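Beneath this line is the structure, given in structure tokens, with notes to follow.
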Amino acid sequence: MKLADLDIIVTSPPAPGWGGRYWILVKVTTDTGVIGWGECYASSVGPDAMTHVIRDVFERHMAGENPENVELMFRRVYSSGFTQRPDLTVIGAWSGLEIACWDILGKDRDRPVHALIGGRVNDRIRAYTYLYPTRKTHSLPAFWVDAQMAAESAADMVDKGYTAVKFDPAGPYTIRSGHMPSMRDISRSIEFCEAIRGAVGDKADLLFGTHGQFSTGGAIRMGAAIAPYSPLWYEEPIPPDTLREMQKVAEAVTIPVATGERLTTTREFAEALRSGVQILQPALGRSGGIWETRKIAVLAEAWNAQMAPHLYAGPIEWAANVQLAAAIPNILLAETIETDFHAALIRDTIRVEGGYITVPDAPGLGIEVDEDLARANPFTGYGLHLEAQQAPVSYHEENVFEGGAPVKA
């Protein structure tokens, strides 16, 4: 069996667009007719340019190869052009293609992917969700800066069975280097923590996100301000290109530090572990795929750290996250996004029930992709999957983070 054909679909979730402006799906077919699906979580360049990168990686390093040879193909990609260093765009392309290889192997052997990477350790995975508007009274963009609305959404999620909810009231991320939070942002963050903790009590963990926007000193100040509410984690408190500084934050705050959405391969995650990060959040469509992230999980286990796969993408990456989570002993949480479009795109083959994801038994990733639906919703915009604000944060006006480049209705 050899890898033969590649098709790439850039699909756009309808408004409000939770999960990003577009998802890059790859469909890989073998010379024996087995089809594998993957998803590339890479957005440093536009989707049109990214499709050319994906195709180049496939044709140059994978076409004609046995899909079993994941490690060999990874070494070709990682070393291409005499690089041998993490590259978000190239490894992002590889990651989605690699996921498709595992889907192929599972289908060919009539086994779920987790059975091929160590077997099942977990029958179900504890899920968490970002706080999105849940009621008709939750208007946008007011929702993002209203602690009471956030508390209502958190209560609604707990009623559905979730035991962990994520929110990020600390202001927008920008193209600039780390900054000091304004006192308004600190006050609002405290207000959110207090309101959400009051709404959920001890029924759910609080997951505090910041999108890597603070200077080291700013991260320490914010961490001290929210610590009384006992968040489970303090997510990406400083920019991802300053990982060594993370150690100062980790040593100064009492909240476990989490990071990984923007990191790739074992090299960057090993640096995060050395810097005191206790919870790793790889996005499998960017981190190197299933096998490379399986290695990252082993590294984390040796550091007594836990894994919490990140998801701000489509359901194919989610399916890969679930397969990995089923096979590792140090899984903490897996992010989920519940929209009608997410569910329909994989024909509701994986779902969250009572706050947990049931691990599928079906072959490969365990999903059925609605290819017609994906093609019927092409991305026609210009913006990237996610974008940072160019203007600096304000110390006079209220800073508003609008939930990660939502699609306008």
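The values are calculated or read from the model by the stated rules, or taken from the named source; none is laboratory data. All values reported here derive from a predicted model rather than from experimental measurement. Neighbour counts run over all protein chains shown; Cβ positions are idealised from the backbone, glycine included. For accessibility, only protein heavy atoms count, side chains too; no ligands or nucleic acids. Shrake-Rupley method; radii C 1.70, N 1.55, O 1.52, S 1.80 Å.
Some notes on this structure:
- Computed from Cα positions, the angle between helix 47-61 and the longest principal axis of the chain comes to roughly 40 degrees.
- When Cα extents along the principal axes in Å is computed from the coordinates, the matching label among (1) 101, 47, 41; (2) 60, 44, 42; (3) 62, 48, 38 is (2).
- Simple Cβ-charge dipole of the range 349-407, Lys/Arg +1 and Asp/Glu -1, about Cα centre, in debye nearest 20: 80 debye
- Residue-level accessible surface for Arg188, protein heavy atoms, 1.4 Å, Å²: 10 Å²
- Rounded to 10°, Cα long-axis angle of helix 216-226 versus longest principal axis of the chain: 70 degrees
- Computed from Cα atoms, the angle from the helix 147-159 axis to the main principal axis of the chain rounds to 50 degrees.
- Computed helical MRE - 222 nm, the chain, DSSP H runs ≥ 4 contributing -39500 (n - 2.57), nearest 500: -11000 deg cm²/dmol
- Each residue was assigned an accessible area with a 1.4 Å probe, and for Trp303 the value is about 140 Å².
- Lys/Arg +1, Asp/Glu -1 at C-beta; the chain dipole; positive extreme among Gly198, Leu384, Thr266: Thr266
- When the Cα positions of Tyr132, Val253, Val10 are compared along the charge dipole of the chain, Val253 comes out farthest toward the positive end, with charges on each C-beta of Lys, Arg, Asp and Glu.
- The packing ranking, built from the mean of other Cβ atoms within 10 Å per residue, places the peptides 237-244, 169-176 in the order 169-176, 237-244, highest first.
- Formal net charge of residues neighbouring His385 (Cβ-Cβ distance under 14 Å; K, R +1; D, E -1): -2
- With K and R counted +1 and D and E -1, the other residues having a Cβ less than 13 Å from that of Tyr162 yield a net charge of -2.
- Basic side chains Lys and Arg get +1 at the Cβ, acidic Asp and Glu get -1 at the Cβ, and with that the dipole of the chain about its Cα centre reaches some 600 debye.
- Local net charge near Leu206, Cβ-Cβ under 9 Å (Lys/Arg +1, Asp/Glu -1): +1
- Between Leu140 and Met180, the simple label model (points 7 Å from Cα in the Cβ direction) yields a spacing of 3.4 nm.
- Pairwise centroid distance, computed over Cα atoms, of the range 283-361 with the range 1-66, Å: 19 Å
- Rounded percent of accessible protein surface that carbon and sulfur make up, the range 67-107, 1.4 Å probe: 54 percent
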